[in-house]
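Engineer: Sending over a structure as structure tokens; questions will come in a sec.
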Amino acid sequence: MSVRTEQEAEHLMASAKASVAIEGLMLNDKQETLVKKCLTGAITHKEFLKRALELSRHA
């Protein structure tokens, strides 16, 4: 997995948010923060999946 800068992560997030908005969905702040952490390498993909599952259970 490549590590991205905060600016690159923001750019990717803007594109992803636009894509999900077309489907009528939105990311909340916790979800967005989690994705950014994974994109910037602050957490591993394995940790991302673990935390995403926890978020989905408490939604």
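Throughout, read-outs are computed from the coordinates displayed, never taken from laboratory work. Since the model is a prediction, treat every value here as computed from it, not as a measurement. Virtual Cβ from ideal backbone geometry, glycine too; neighbours counted across all protein chains shown.
Engineer: Compute, for the chain, the length of the dipole vector about the Cα centre, with Cβ point charges of +1 (Lys, Arg) and -1 (Asp, Glu) only. Units Debye, rounded to 20.
Structural biologist: Dipole about the Cα centre, nearest 20: 260 debye.
Engineer: Pulled fully out, how much extra length does the chain show between Met13 and Thr44, if you take 0.36 nm times their separation in residues and subtract their Cα-Cα distance?
Structural biologist: Additional length available on full extension: 9.4 nm.
Engineer: For the chain, what is the relative contact order in percent, using Cα pairs closer than 8 Å and at least 6 residues apart in sequence?
Structural biologist: Normalised by residue count, the contact order of the chain is 40 percent.
Engineer: Under 20 Å Cα to Cα from Lys17, which aspartates and glutamates show up? Leave out anything in the same chain fewer than 8 places away.
Structural biologist: In chain and number order, the partners are Glu6, Glu8, Asp29, Glu32.
Engineer: Which of these, Glu23, Glu32, Glu47, has the largest mean-square fluctuation under a Gaussian network model of the chain (Cα springs below 10 Å)?
Structural biologist: Among Glu23, Glu32, Glu47, the largest mean-square fluctuation in the Gaussian network model of the chain belongs to Glu23.
Engineer: Under a 5 Å amide H to amide H cut-off, with H placed in plane at 1.01 Å, what residues pair with Ile43 once short-range neighbours are removed?
Structural biologist: Cys38
Engineer: Most mobile of Leu49, Leu34, Leu25 per a Gaussian network model of the chain (Cα springs, under 10 Å)?
Structural biologist: Looking only at Leu49, Leu34, Leu25, the largest GNM fluctuation is found for Leu25.
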